[in-house]
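I have placed the structure first, in the form of structure tokens, so that the comments after it can refer back to it.
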Amino acid sequence: MNLDSWLSEYTEKGLLRELTPVVRESDGRLFASNRSSGPLYDFSSNDYLALATSPELLAKSKEFLETNGCGAGAARLMSGDLAIYHLLEEEVAKLKGQESALLFGSGYMANCGIIPALVGRNDIVFADRLNHASLYDGCHLSRAEIFRFRHNDMNHLEELLYKKKGEKTALVVVESLYSMDGDRCPLRDLISLKNRFGFMLMVDEAHATGVYGRCGGGIIEEEGMAEHVDIAMGTFGKALGSYGAYAAGTKQLIKLLINRARTFIYSTGLPPAVIGASLAAVRIVSRDDTLRKELFEKVGIFKTALSEAGLENLGLSQIIPIMIGNSKKAVKIADYLRKKGVFATAVRPPTVPEGSARLRFSITRHLEENELLFAARQLIEAIGALS
């Protein structure tokens, strides 16, 4: 690879990514790291319930830090299996309606560890075409044969199952809420196919955990499908305001992952302070749905403002993609908005398919009504000015 040529090509296509150092205030607003400009209203955060600065999370994080130290000191299969991990795993299993759970260092590590633990070179995986990159990397690491079905197209999945499943162990991998489109998988239809074809079903609930379900257990809980899902995966770093990830399933499944998931086996345990914050977050979302109601009131305000201005296809979730198409144009609109005080990220290939660059607006409880309406006006103005 010629480094200069690659960088020049990506710059020319509007695909070059760059880091943007910021300072985040407790109210969710952002500032440039040198505070050279005013505050930015953050529409790129996944801290949907505004729990990252919750006093309860901070207090429990501090407690676990002071009583357990800064780090685990070892992988959990060595001497790093702190009792607090099991406490959180028990709470997570209850949240997801499963028998047992296992913690991972991140969502990426979870997906890259779970899938290769379940299937191998003599098996087969069916994956939604718009699955997250970490799910696809987990599929490739497994060395199983991979077939992609059209996004949320159960007829296409059924065709592939008829043609390809045979006698092989089959795993179907989906997200319950897709992070770049903000749409949901047809979970009940998937369960119907599962009952007919006998495959294992893994559902990534990274963007649904805490936000959906009576007790915050995600879309799986909301639709009453926990007993039909073999592997419920999710993260603590989004609506739960902390860091890390989990897999939830039967006791046998978790025993298998402890012995086969390499990203678990060969990683130091999560820091105690992180466990404290995650435990507090799970307890908060489990006991009360007030935060979820407040979030979706704000989602409604923003979507109503956009729809009244003529924008369509805004979806049903807290994730709102504004489709632009051209990558350079998406970057220009994002830069325009940033100068106006609105931080919304331009998402471009390869994160999304070619020709589908977009601005991804994610709504959080941090945002006040006047900020939501202001951002909507600025977005409409930016689209008009740069069309």
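The values are calculated or read from the model by the stated rules, or taken from the named source; none is laboratory data. Here the structure is a predicted model, which means the values were calculated and not measured. Note that we place each Cβ from the backbone using ideal geometry, even for glycine, and neighbour counts take in every protein chain shown.
Structural remarks
- Filter result for residue 120 (part of a loop (DSSP other than H, G, I, E, B) and in contact with a helix residue (DSSP H, G or I) (Cβ under 7 Å, 6 or more places away or on another chain)): yes
- Residues of the stretch 226-243 classified as outside any loop (DSSP other than H, G, I, E, B) and within 17 Å of residue 365 (Cα to Cα), total: 0
- Evaluated against (1) touching a Leu at 6+ places or on another chain (Cβ under 8 Å); (2) buried (at least 24 other Cβ atoms within 10 Å of the Cβ); (3) among the small types (Gly, Ala, Ser); (4) within 30 Å of residue 183 (Cα to Cα), residue 234 falls short on exactly one condition, (1).
- Filtering 330, 385, 376 for residues that are at negative phi, surrounded by 18 or more Cβ atoms within 10 Å (Cβ to Cβ) and at pLDDT below 95 leaves a single hit, 330.
- Residue match in the stretch 195-216 (condition: in a strand (DSSP E or B), without any contact (Cβ under 8 Å) to a residue 40 or more places away in the chain and within 24 Å of the chain's Cα centre (by Cα)): yes
- Odd one out for residue 66 among (1) in the same structural domain as residue 269 (by TED's automatic domain parsing); (2) closer than 25 Å to residue 288 by Cα; (3) among the acidic types (Asp, Glu): (2)
- Set 135, 171, 118, 177: member being at pLDDT 95 or above, aliphatic (A, V, I, L, M) and more than 23 Å from residue 252 (Cα to Cα): 177
- Segments classed as helices (runs of 4 or more DSSP H), wholly inside the stretch 254-359, with at least 1 members that are under 27 Å from residue 205 (Cβ atoms) and under 18 Å from the mean Cα position of the chain (by Cα): 272-287, 290-308
- Of the helices (runs of 4 or more DSSP H) lying entirely inside the stretch 1-113, those carrying at least 2 residues that are within 29 Å of residue 205 (Cβ to Cβ) are 55-68, 83-96.
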